[in-house]
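K.L.:
This is the structure I have questions about; it appears just below.
The values are calculated or read from the model by the stated rules, or taken from the named source; none is laboratory data. What you are looking at is a predicted structure, and each value in this text was computed from that prediction instead of being measured. Please note: Cβ atoms are built from the backbone with ideal geometry, for glycine as well, and neighbour counts cover all protein chains shown. For the accessible areas, the whole protein counts, side chains as well, though only heavy atoms, and no ligand, DNA or RNA atoms are used. Shrake-Rupley method; radii C 1.70, N 1.55, O 1.52, S 1.80 Å.
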Amino acid sequence: MVVVDTKEFLNRDVNIIMPSKLLIVESPAKAKTINKYLGSDFKVIASFGHVRDLPKKNGSIDIEHDFAPKYQIIARNTKHVDEIIASSKTCDHIYLATDPDREGEAIAWHIAEILKKKCDLTKKTVERVTFHEITATAIKAAVANAHSLDFNLIDAQQARLTLDYLMGFNISPLLWRKIKPGLSAGRVQSPALRLICEREDEIKAFIPEDYFSVILDTHKKTTKFQARLIEHDRKKIETKTINQKQEAVVICALLNEHKMASIVNISKKQKKKNPFPPFITSSLQIEAARKLGFNTDKTMKVAQSLYEGVEIGNESVGLISYMRTDSVNLSTTALNDVRGYIQQNYAPEYLPNSPTSFVNKVKNAQEAHEAIRPTSILRTPDTIKQYLNNDQYNLYELIWLRTLACQMTPAILDTTAVDIKVSNGIFRANGIVINFDGFLRIYQETEEEQTTTNDENVKLPELTVGEDLPIDQINFLEHQTEPKPRYSEASLVKSLEELGIGRPSTYASIISTLKKREYVLMDKKRFIPTDIGAIVSQFLTKHLTTYVDYKFTANLEDTLDDISNGKIQKLPILKEFWHNLEATIAQKQGIARSELISEKLEENCPECGKQLILRLGKYGKFIGCSGYPECKYMRKVSATGETTDIKSEEPEVVEGRTCPKDDGILVIRSGKYGKFISCKNYPKCKYIENLNAPGAEDSGISCPECKVGQIVTKKNRYGNLFYACDKYPKCKTLFNYKPLAEKCPSCGYGLLRHQLTKKWSGRRESNPHHKLGRLLLYH
């Protein structure tokens, strides 16, 4: 018989089971994937993003003490912080494996600072781990090469956070006092808004011009083609040279007198079209918008899910490399894999002799990471389609194709320009023929604006100099110049990138903030500034010019990069920024509010002759008389600048009724949500009834609570319908679902409500409380 020491056995068992190493990442999905790559001595948990942040209130930055931040643990992440602390106490080695960028470095530092206060780290090792793809090889290599925190990156992130805080918490209150409560200004958000507003101003100020092009229709055998007039009477014809219709008519009449044309010159050239570089964050957002219709926020969320890992078979696999990057470089391993795939699956002419490298055209580009690429080019989109949802598949396919195409040979294009003479006029026909498709075999970038005309991409027949061609007809086309289009998400990202405003990780949040603040609206996927957005931008551009200046914002990004690289210290930058900002804010305190929200027009009131004023009201811009309230003339102003008269006659009186509150006259008025009945003694009496909502008239259902009022339909501030007693506020009976004039068969309550519920959705079996099919009745 063997005697076993129970205590010793349990301790031995615990040592086997309990992990001694803790690896902390940001995302639980990432934790789940990485956990499968590391041994049983590792525990992998998630911080769920940032663990500490500045409180959203004044005083969170101690300006008097070198801009010291006063961090606090984010309330929603308290339980995750508690788990990190508890797990750290049982592990000897702690790896901080947050994202490999400024924000990730800051999160790692915050976790380390919390652990210093909550755990005894004297016998523990805390190290930083970074990786750019979630594969077993990359994770194990990263752990083997753990290093210390990069305090230059941490300082840069703190400087960015402080600058944003100082600007937001000092300029935003100025906007509240001078324009409207609840507004905000931001270091990168405000220049983006300025771009949108300036484009809108250009569109409104644009005056279209008519111009005409003269076209020759001809053919050779069965091939028809066109040529455009480029010279007449030895005068060069540019795009807008012919700007009078009569001139085009005369030219066509003169040239149509001839029956034949003659080829006087043929110019043939061969040019290469090089492949596009692999995706960086901005180019992925742009192409996903153009090809897939994704907005920037959706693109980043789907890319994040591909990066963190997808369940394929019995394992979770990270499918793409880190998606926040502005580097166009690929690792040697990735290049070899891609070139090997091309060699095995395509003809030899599709593989260049050496790997293709790219020059980064992004201003202030950081080359720390790789470009966005598949973690394995052998993992083709079709082989993993069954494991992905539609959005994941489409984005992965886009990344996979772009990565493969970037290492294929250039396309070879044959361009032909044929000059055709008709009397004293010269016409030109252009054609492009793909001689060798190269990378175009699998990938072609989408252009948002069409920059080429159809006649530049046609295949011309074989032609020779001196050859005669029949004139089928010579006619003219009428054109009109158009303004630049409004910004789409793709074109806005491109402009921000070109100007050096923001960083790859910030574009989605910039656009999201503009929408959330209702500074912009989307119309056909294009940005239109709202009235309040236009006024905020105008105020910032006129009075706080420095902080919305494109060069200033881009230079500030350079400064943050220099802090990241250890070239400069953050404190002198913060002191200078605050000194200038404080002086500017103090100077602008005396601006009159009326100067910002109203503008005198060079137009007089048609009713009283006084000057009209363009004002910002509660519901947008309107034009009103400066003689208000004596003169109540008003015109609504639409988003496009069109105006509509608002009738100023006395409101219609409701016959046969008086106000139930003070027996005053009831009248019909118009408001934000349409027509409503109110007491004429407003604002002394605030009685109202909604007339605009469907069913707003008395439903015929008596209020089951007060037994006096009627249940009527109303709208809340968000436009949603609800049902309430018309004796409010004396009776506060309210229902979120439409009432029915039926008593409850179970308890006799005065009405029933009907509601579509998940439980009964799609079912139609007999049920005494299920009289309307999928509508469940209850009180």
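K.L.:
Hey, how many Å between the Cα centroid of the range 169-215 and the Cα centroid of the range 228-278?
P.N.:
So the separation of the two Cα centres works out to 39 Å.
K.L.:
Please give the per residue volume of the convex hull enclosing the alpha carbon atoms of the range 59-115, rounded to a whole number of Å³. Display every interim value, and only then the final one.
P.N.:
Values: hull volume 5.9 nm³, N = 57.
Spelled out: Cα convex hull of the range 59-115, divided by residues, is 104 Å³.
K.L.:
Over the Cα atoms of the range 177-268, compute the convex hull volume and normalise it per residue, giving Å³.
P.N.:
Working: hull volume 22.2 nm³, N = 92.
Dividing the Cα hull volume of the range 177-268 by its residue count gives 241 Å³.
K.L.:
Among DSSP beta bridges lying fully in the chain, give the percent that are antiparallel, nearest 5. Don't skip to the end; give the middle numbers.
P.N.:
Details: 105 of 119 bridges.
In the chain, DSSP labels about 90 percent of beta bridges as antiparallel.
K.L.:
Sort out for me the Cα centre separation of the range 16-66 from the range 599-615, rounded to whole Å.
P.N.:
Comparing the Cα centres of the range 16-66 and the range 599-615, I get a distance of 61 Å.
K.L.:
Can you work out the Karplus-derived ³J(HN,Hα) for every residue in the range 728-737? Use 6.51 cos²θ - 1.76 cosθ + 1.60 with θ = phi - 60°, whole Hz, and x for glycine or proline.
P.N.:
Result, ordered by residue: 4, x, 4, 10, 10, 5, 8, 10, 8, 10 Hz.
K.L.:
Also: State the Kirkwood hydrodynamic radius of the range 100-145 in Å, one decimal place, computed from all pairs of distinct Cα atoms.
P.N.:
One decimal place: 12.0 Å for the Kirkwood radius.
K.L.:
Also: Using a 1.4 Å probe, what is the accessible area per residue for the chain, in Å²?
P.N.:
Counting only protein heavy atoms, the per-residue value for the chain is 54 Å².
K.L.:
Quick one: 3J(HN,Hα) in Hz for the range 244-258, Karplus 6.51/-1.76/1.60 with θ = phi - 60°, rounded, Gly and Pro as x.
P.N.:
10, 4, 4, 5, 5, 4, 5, 4, 4, 4, 5, 6, 6, 5, 9
K.L.:
Using θ = phi - 60° and the Karplus form 6.51 cos²θ - 1.76 cosθ + 1.60, what ³J(HN,Hα) does each residue of the range 115-131 get, whole Hz, x for Gly and Pro?
P.N.:
5, 4, 7, 9, 10, 8, 9, 4, 10, 10, 10, 10, 9, 9, 10, 10, 8
K.L.:
Give me D for the range 519-633 in µm² s⁻¹, whole number, from Stokes-Einstein with Rh from the Kirkwood sum over alpha-carbon pairs, 4 °C and 1.567 mPa s. Each step should come with its number before you reach the end.
P.N.:
Values: Rh = 17.8 Å.
It comes out at roughly 73 µm²/s.
K.L.:
Evaluate the Kirkwood expression for the hydrodynamic radius of the range 121-238, namely the inverse of the mean inverse distance over all pairs of different C-alpha atoms, and round to one decimal in Å.
P.N.:
Numbers: mean 1/r = 0.0442 Å⁻¹.
The answer is 22.6 Å.
K.L.:
Going down the table (Lys516/Lys551; Lys245/Lys421; Lys516/Lys730; Lys291/Lys621; Lys204/Lys714), which pairs top 28 Å between alpha carbons?
P.N.:
On the way: Lys516/Lys551 26 Å; Lys245/Lys421 23 Å; Lys516/Lys730 36 Å; Lys291/Lys621 37 Å; Lys204/Lys714 38 Å.
With Cα atoms farther than 28 Å apart: Lys516/Lys730; Lys291/Lys621; Lys204/Lys714.
K.L.:
On to the next question. Report, largest value first, the span of the C-alpha coordinates of the range 183-235 along each principal axis, in whole Å.
P.N.:
Principal-axis extents of the Cα atoms in the range 183-235, largest first: 67, 29, 18 Å.
K.L.:
How are the Cα pair distances of the range 251-404 distributed, in percent, across 10 Å bins from 0?
P.N.:
Per 10 Å bin, starting at 0, the Cα pair percentages come out as 9, 33, 28, 11, 6, 9, 4, 0.
K.L.:
Here is a further query. What number in nm² do you get for the range 373-500 if you take the convex hull of its Cα atoms and divide its surface by four? Before the final figure, lay out the partial values.
P.N.:
Working: hull surface 55.1 nm².
Here the figure is 13.8 nm², rounded to one decimal.
K.L.:
Which number do you get for Rg(Cα) / (2.2 N^0.38 Å) in the range 278-335?
P.N.:
Normalised Rg, Cα atoms only: 1.22.
K.L.:
Right, another one. Going through the range 315-397, which GluC sites (Glu not before Pro) have at most 14 other Cβ atoms within 10 Å and a DSSP loop state? Can you show the working numbers first?
P.N.:
Working: sites: Glu315, Glu349, Glu367, Glu370, Glu397; in loops: Glu367, Glu370.
Counting only loop positions with at most 14 other Cβ atoms within 10 Å, the GluC sites (Glu not before Pro) in the range 315-397 are Glu367.
K.L.:
Can you show me the helix-derived [θ] at 222 nm for the chain, built from DSSP H runs with n ≥ 4 at -39,500 (n - 2.57) apiece and divided by the number of residues, rounded to the nearest 500.
P.N.:
Mean residue ellipticity at 222 nm (helix-derived): -10000 deg cm²/dmol.
K.L.:
Considering amide H positions built from the backbone, and no H for Pro or chain starts, which residues 5 or more places from Ile420, or on another chain, come under 5 Å of its amide H?
P.N.:
Close amide H contacts, sequence-distant or interchain: Val264, Phe427, Arg428, Ala429.
K.L.:
Can you give me the % of accessible surface on the chain that is carbon or sulfur? Probe 1.4 Å, all protein chains present, nothing else counted.
P.N.:
Values: 20730 of 41920 Å².
For the chain, the apolar C and S fraction of the accessible surface comes to 49 percent.
K.L.:
Continuing with the same structure: So if I take the centroid of the Cα atoms in the range 67-108 and the same for the range 456-520, what is the distance between those two points in Å?
P.N.:
What the calculation gives is 45 Å, centre to centre.
K.L.:
Can you list residues whose amide H is under 5 Å from Cys605's amide H, if they're 5+ apart or on another chain and H is modeled 1.01 Å from N?
P.N.:
Here Lys610, Gln611, Leu612 satisfy the definition.
K.L.:
Hand me the trypsin sites (Lys or Arg not before Pro) from the range 257-323 located in a DSSP loop with no more than 14 other Cβ atoms within 10 Å, in residue order please. Could the numbers behind the result be given before it?
P.N.:
Values: sites: Lys259, Lys268, Lys269, Lys271, Lys272, Lys273, Arg290, Lys291, Lys298, Lys301; in loops: Lys259.
Within the range 257-323, the qualifying trypsin sites (Lys or Arg not before Pro) (loop, at most 14 other Cβ atoms within 10 Å) are Lys259.
K.L.:
Where does the longest stretch of the chain lie that holds no chymotrypsin sites (Phe, Trp or Tyr not before Pro) found in a DSSP loop with 11 or fewer other Cβ atoms within 10 Å?
P.N.:
Working: sites that count: Tyr619, Tyr718.
Counting at most 11 other Cβ atoms within 10 Å as exposed, the longest clean stretch of the chain is 1-618.
K.L.:
Next question, about the same structure. Eigenvalues of the Cα gyration tensor times 5, then square-rooted: what semi-axes does that give for the range 435-555, in whole angstrom, largest first?
P.N.:
Details: eigenvalues 387, 85, 41 Å².
Semi-axes from the Cα gyration tensor: 44, 21, 14 Å.
K.L.:
Right, next: Quick one: which residues, 5 or more positions from Glu231 or on another chain, have an amide H under 5 Å from its amide H? H modelled 1.01 Å from N in the peptide plane, none for Pro or chain starts.
P.N.:
Under 5 Å from the amide H of Glu231 lie the amide H atoms of Ile237, Ile426, each far enough along the sequence or on another chain.
K.L.:
Tell me, what is a quarter of the convex hull surface for the C-alpha atoms of the chain, in nm² with one decimal? Intermediate results must be reported in sequence, preceding the final value.
P.N.:
Working: hull surface 220.3 nm².
Taking a quarter of the hull surface, the average projection is 55.1 nm².
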